[in-house]
Amino acid sequence: MKIYLGSLREWHWVSSAICLIGMLLFAITGITLNHAAQIKATPQVITQEAQLPADILSTIAALGEDNAPLPAVLQHWLQDTQQIRVGEQLAEWSEDEVYLSLPRPGGDAWLSIDLTSGELLYERTDRGWISYFNDLHKGRNTGVAWSWFIDVFAVFCIIFCVTGLILLKRYASGRPATWPMVGLGLVLPWVLILLFIH
């Protein structure tokens with residue numbers, strides 16, 4: 001039993017240490033999401049216009065692809081001359097235009113290229129840090145790595161909660177308020193759901 005209890009405490013404190021910052025982030029952004037209507041933000045919109053070099057325009061105009069990433073030569077030109085990074089996002093190709101949507105946490109962006117004139121139009125919207133962290137909370141437009149982080153973080157939260165529950169059971173005999181508090185945590189959300197959420 002001592003070895004079991006010791007390893008249980010070990011799992012509990014290790015999982016709590018791993019979860020600490022993430023739980024603070026998710027708790028704080030839970031409040032900001034719950035009061036999103038009261039938190040005013042003024043989106044900042046940045047617009048860029050440019051002209052594609054003739055050689056790049058002729059290269060991409062000849063492709064005629066349908067829902068494919070921008071060619072590497074165009075990606076390099078965008079990054080080097082316009083400071084626009086697009087990655088391997090799929091663009092929408094038509095006969096006379098390429099359109100690329102670039103959603104991101106806390107904002108949005110898009111670009112379009114006229115395949116006849118070579119005119120580039122890029123627009124980026126930034127909704128601020130609160131919106132950025134709210135989107136991290138929701139996993140909105142955050143990519144695969146952040147999605148994996150949320151899943152692993154959730155597993156450690158489950159370990160933290162389950163080991164905490166077992167430790168509560170172990171010490172409940174000396175703390176009479178243990179189970180009423182656990183019961184309150186279980187019953188209160190259901191009471192609120194039944195009475196106030198329709």
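Here is a yes/no grid of residues against (1) within 29 Å of the chain's Cα centre (by Cα); (2) assigned to a helix (DSSP H, G or I); (3) in the same structural domain as H12 (by TED's automatic domain parsing):
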position	(1), (2), (3)
I113	yes, no, no
V152	yes, yes, yes
V155	yes, yes, yes
I166	no, yes, yes
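Would you call A54 more than 30 Å from L33 (Cβ to Cβ) and loosely packed, with under 12 Cβ neighbours inside 10 Å? Spelling it out, A54 is indeed more than 30 Å from L33 (Cβ to Cβ) and loosely packed, with under 12 Cβ neighbours inside 10 Å.
If I go through segment 125-148 residue by residue, how many of them are assigned to a loop (DSSP other than H, G, I, E, B) and under 8 Å from the mean Cα position of the chain (by Cα)? Quick ask: steps written out before the conclusion?
Here is the first cut: in segment 125-148, the residues assigned to a loop (DSSP other than H, G, I, E, B) are 127-128, 139-142.
Going one step further and asking which of them are under 8 Å from the mean Cα position of the chain (by Cα), we end up with 139-142.
Number of matching residues: 4.
Could you pull out the residue among L33, L74, L57, L100 that is touching a His at 6+ places or on another chain (Cβ under 9 Å) and at pLDDT 90 or above? The unique qualifying residue is L33. Residue selection: R124 satisfies the criterion of being closer than 28 Å to I39 by Cα, in contact (Cβ under 8 Å) with a residue 60 or more places away in the chain and buried (at least 16 other Cβ atoms within 10 Å of the Cβ).
The values are calculated or read from the model by the stated rules, or taken from the named source; none is laboratory data. None of these values were measured; they are calculated from a predicted model. All Cβ positions, glycine included, derive from the backbone under ideal geometry; neighbour counts span all protein chains shown.
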